[in-house]
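Step one of this worksheet: look at the structure below.
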Amino acid sequence: TADLVWVGSGMSDKDYEGKEVRGKFVLATGYGGAVHRKAVLQYGAKAVVCYLDDDRAKEYPDMLQYTGMWPRTEELDRVTFGFNLTNRQGTKLKNLLLAGKKVVLRGWVKGTGLEPYFMDVVVAHIRGGDRAAEELVFSAHLDHPKESANDNASGSGAILDIARSLKELIDSGRLPKPRRSFRFIWIPEWNGTMAYIDDHPEFKGPDLGGTWLANINLDMVGEHLELLHSKLLITRTPNSVPSCINDVVENMAEMVDNMDIRTPRGSLSAMNYRVTPYSGGSDHMMFIERKIPGMMFSHTDYTHHTSEDTPDKVDPVELERSEMIAASALWYLANLESTQSALLFGLVSANAARRLGVSAANFSELVRTQKTTAQVAGAMLKRRYEEERKAVSSIQNFVVGGKWGIDWNDHPLKAQYDAIRKRFGGEMAAQSDKRVPQRLTRGPLDFGLPVSKLDSIRASWYSSKEFSLDGDARFELVNLIDGVNTVSDITVALSAEFQPVDVKTVARYIEDLANVGVVKWK
């Protein structure tokens, strides 16, 4: 039982200036874990009470969001607890405090607390024939605080239905036994996937000598498009893991869009989807980091991580569309014959040419607007050309009849690259930083690194305008640390994929990763 103090967002030191919060509850609108770290761990508050105060909360004032503490090891002994309220409840308490009223709260929490615990990882297999050791993996995270209809009962239900459908079709003889195997895994998101990787050394893609050839991760795939004004987002692999799976999935999405799927009790919505550049936020990141080409199917909607994520927002039609695209894409790659591979070679080559042309136009504009030099643009173009070559070559990982060679000197993509390169002077940018970093960990880095391990002066750079790398760029930067790429190589690759970045920015970030012990210099 304690007094309540209003601290605004509660996530910065400025929010606590002139306020005594020690031994009290704080009321805030910031993210619960960040507020707890400031209010409880730094300023000695008893606990936190948070509520949503954004536009969607004002439109849905009784919506409750979930947040997490996410304590670090050194914080465990000092972590207390907190509550989330709705906008209506939080606003009422704030108005009482702003009116000068004394507000006393009693909070009672009963539960396991911060104790070691376990969650089972459920795995199902459909064993392949002559290439059974090679696997294609469907994944979905089987965990979430309530409510969790679309996030992620939808993805978990979708891969269960794919597994059941394929097994039934194979057992009945309507489909042949696949040449390669399918694995279906239901995992606790992120940390559970990392635990699964630790227990399964075979969890790696062809570039690391593994036989896990591709992954489709289904996370929020059943949104009712008419109720939620949403769309299906099909997220490509990042440029660090080029793969023909992007072209196969996009082709299958076009097929499903033309099928006019309808399901009893489903909506009458028209299919609405986008194929988007890489973005993170789910378990495909763990596959990608192990060089397994991983794509994600998802949706955006206002109910995400709130009490509004209920079964009435799930549409059987959208679920079936998502399942059809995912199942048909991986079935195709599990059984890719040489005749089909020739057709796929043509498709990926044509798409690679289109993508390279778009990149060249974008790089030309960067040079025209003086956001980069012609030399750097030439280096970026070369990087994109090499990535598209790898995407075409990746078809060989899926051909069941064996690998075949590609004469790149006779490939149209080479002629296109040579012609475009002259625009940028033909000379590549010189290596300004030839140091080569190496990873000392595996898996995506904690979002707080390296900042959480740096002193305040060194850490302040990350909140300044000088630091321009967002979360997706930082994830990709770490993927590019392979013991071969130099700092300059990584800078060029990031600039080609996202936006121009200075080599000094990349160098400083990697130096800080080395300072906190997650990379070393080769």
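The values are calculated or read from the model by the stated rules, or taken from the named source; none is laboratory data. As the structure is a prediction and not an experimental result, all values here were calculated from the model. Glycine gets a Cβ as well: all are built from the backbone with ideal geometry, and neighbour counts include every protein chain shown. Ligands, DNA and RNA are excluded from the accessible area calculation, which covers all protein heavy atoms including side chains. Shrake-Rupley method; radii C 1.70, N 1.55, O 1.52, S 1.80 Å.
Computed quantities for the displayed model
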quantity: Only listed residue being within 20 Å of residue 501 (Cα to Cα) and touching an Asp or Glu at 6+ places or on another chain (Cβ under 7 Å), chosen from 487, 451, 478; calculated: 487
quantity: Enumeration of residues in region 450-473 that are of a type in the set (Asp, Glu) and assigned to a helix (DSSP H, G or I); calculated: 472
quantity: Any pair with Cβ under 8 angstrom, 6 or more apart, that starts in region 147-168 at a residue that is over 14 Å from residue 122 (Cβ atoms) and ends at one that is surrounded by fewer than 19 Cβ atoms within 10 Å (Cβ to Cβ) and hydroxyl-bearing (Ser, Thr, Tyr); calculated: 147/307; 147/310; 149/310
quantity: Criterion: of a type in the set (Asp, Glu) and more than 27 Å from the chain's Cα centre (by Cα) - qualifying residue of 472, 489, 418; calculated: 418
quantity: Tabulated pairs, region 398-409, first without any contact (Cβ under 8 Å) to a residue 24 or more places away in the chain, second open to solvent by 70 Å² or more (accessible area, probe 1.4 Å), C-beta under 7 angstrom, 6+ apart or interchain; calculated: 408/389
quantity: Residue among 283, 315, 301 that alone is modelled with pLDDT of 95 or more and within 30 Å of residue 61 (Cβ to Cβ); calculated: 315
quantity: Matching residues in region 92-111 - criterion: being within 22 Å of residue 33 (Cα to Cα) and surrounded by 10 or more Cβ atoms within 10 Å (Cβ to Cβ); calculated: 93, 94, 105, 107, 109
quantity: Among residues of region 112-130, those that are in a strand (DSSP E or B) and open to solvent by 60 Å² or more (accessible area, probe 1.4 Å), counted; calculated: 2
quantity: Number of the exception - residue 324 against (1) open to solvent by 40 Å² or more (accessible area, probe 1.4 Å); (2) not in a helix (DSSP H, G or I); calculated: (2)
quantity: Qualifying residue in region 274-281 (condition: within 17 Å of residue 471 (Cβ to Cβ), of a type in the set (S, T, N, Q) and not in a loop (DSSP other than H, G, I, E, B)); calculated: yes
quantity: Filter result for residue 485 (open to solvent by 20 Å² or more (accessible area, probe 1.4 Å), closer than 30 Å to residue 367 by Cα, out of contact with any Pro (no Cβ under 7 Å at 6 or more places or on another chain) and free of Cβ contacts under 8 Å to residues at least 40 places away in the same chain); calculated: no
quantity: Qualifying residues in region 271-287 (those that are surrounded by 21 or more Cβ atoms within 10 Å (Cβ to Cβ) and in contact with a helix residue (DSSP H, G or I) (Cβ under 7 Å, 6 or more places away or on another chain)) - the one nearest to residue 325 (Cα to Cα); calculated: 273
quantity: Single match in 362, 351 (criterion: surrounded by fewer than 19 Cβ atoms within 10 Å (Cβ to Cβ), part of a helix (DSSP H, G or I) and touching a residue at least 12 places away in the same chain (Cβ under 8 Å)); calculated: 351
quantity: Test result for residue 135, touching a Ser or Thr at 6+ places or on another chain (Cβ under 6 Å) and either free of Cβ contacts under 8 Å to residues at least 40 places away in the same chain or open to solvent by less than 40 Å² (accessible area, probe 1.4 Å) (or both); calculated: yes
quantity: Region 74-91 residues that are charged (D, E, K, R) and open to solvent by 40 Å² or more (accessible area, probe 1.4 Å), paired with ones that are modelled with pLDDT of 95 or more and part of a loop (DSSP other than H, G, I, E, B) (beta carbon under 7 Å, 6 or more apart); calculated: 88/61; 88/62
quantity: Region 1-29, subset touching a Gly at 6+ places or on another chain (Cβ under 9 Å) and in a helix (DSSP H, G or I), residue most open to solvent (accessible area, probe 1.4 Å); calculated: 14
quantity: When residues of region 282-321 are limited to those that are in a helix (DSSP H, G or I) and among the aliphatic types (A, V, I, L, M), the one nearest to residue 237 (Cα to Cα); calculated: 288
quantity: Test: residue in region 102-115 that is of a type in the set (Phe, Trp, Tyr) and in contact (Cβ under 8 Å) with a residue 60 or more places away in the chain; calculated: no
quantity: Subset of region 44-58 (residues that are of a type in the set (D, E, K, R) and either under 19 Å from residue 105 (Cα atoms) or open to solvent by less than 10 Å² (accessible area, probe 1.4 Å) (or both)); calculated: 46
quantity: Odd one out for residue 494, checked against (1) part of a loop (DSSP other than H, G, I, E, B); (2) touching an Asp or Glu at 6+ places or on another chain (Cβ under 8 Å); (3) over 22 Å from residue 70 (Cβ atoms); calculated: (1)
quantity: Strands (runs of 3 or more DSSP E) (entirely within region 148-266) containing at least 1 residues that are surrounded by fewer than 22 Cβ atoms within 10 Å (Cβ to Cβ); calculated: 180-187, 232-235
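Matching residues to (1) surrounded by 15 or more Cβ atoms within 10 Å (Cβ to Cβ); (2) assigned to a helix (DSSP H, G or I); (3) hydroxyl-bearing (Ser, Thr, Tyr):
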position	(1), (2), (3)
367	yes, yes, no
383	yes, yes, no
387	yes, yes, no
399	yes, no, no
423	yes, yes, no
433	yes, no, no
445	yes, no, no
448	no, no, no
